[in-house]
Amino acid sequence: LFADDANCFLSDYNDADQLEQCLDIYCQASGGKINFSKSLLYPLGKYRLPPLYQATWRTWKVDLVDEFRVLGVQVGIQVDTAAEWEKASKGVIHRMRTIPLYGLPISTRCSIINRYCYTKILYLDQFSPAPPDVIKRIEDAANQSIW
């Protein structure tokens, strides 16, 4: 649980005490410890209203945030998806241009592009559809790399 990121979701802020008890029991049994300086709370739905989350979560010694990154995806209400796609596409295009594909069969080149370049794009597209101009730039870079 604590070797890497863990996410806990509560349907009601009143369940926070129960979550805290569960985490305490786990920590006692495993010898683990929560690093509150690396922890955050991200209230969802009606709990994003300031009076509720400030009153409810103030006893937890963690930061309240408006956005955060989980598994490489920026999450939040005011996330600039265009900027996220710009950053992701630049990285993918750079990767396409730096993989040495010279002299390889076309099927191998396509396989390498699919596996090592498109994977991230397909993953991100699940959370926020890619803008058409980004798709076009990636397709053009893939065609240049393959041919």
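The single condition from (1) at pLDDT 70 or above; (2) touching a strand residue (DSSP E or B) at 6+ places or on another chain (Cβ under 9 Å) that Q28 fails is (2). Counting the residues of the stretch 87-118 that are aliphatic (A, V, I, L, M) and either more than 21 Å from W147 (Cβ to Cβ) or not in a helix (DSSP H, G or I) (or both) gives 4. Those residues that are within 16 Å of V73 (Cα to Cα) and either among the aliphatic types (A, V, I, L, M) or modelled with pLDDT of 95 or more (or both), I need them from the stretch 103-125; list them, please. Listed by number, the residues that qualify are I121, L122, L124.
The residues on offer are I121, I138, and the sole one that is open to solvent by less than 30 Å² (accessible area, probe 1.4 Å), within 25 Å of N7 (Cα to Cα) and either assigned to a helix (DSSP H, G or I) or in contact with a helix residue (DSSP H, G or I) (Cβ under 8 Å, 6 or more places away or on another chain) (or both) is I121. Just one of the numbered conditions (1) of a type in the set (S, T, Y); (2) open to solvent by 60 Å² or more (accessible area, probe 1.4 Å); (3) within 16 Å of the chain's Cα centre (by Cα); (4) modelled with pLDDT of 90 or more is not true of S89: (2).
Number of residues in the stretch 31-53 that are in a helix (DSSP H, G or I) and either at pLDDT 75 or above or hydroxyl-bearing (S, T, Y) (or both) equals 3.
The values are calculated or read from the model by the stated rules, or taken from the named source; none is laboratory data. Not measured: the values here are computed from a predicted model. Quick reminder, even Gly has a Cβ in these numbers, built from the backbone with ideal geometry, and neighbours come from all protein chains shown. These area figures cover heavy atoms from the full protein model, side chains too; ligands, DNA and RNA do not enter into them. Shrake-Rupley method; radii C 1.70, N 1.55, O 1.52, S 1.80 Å.
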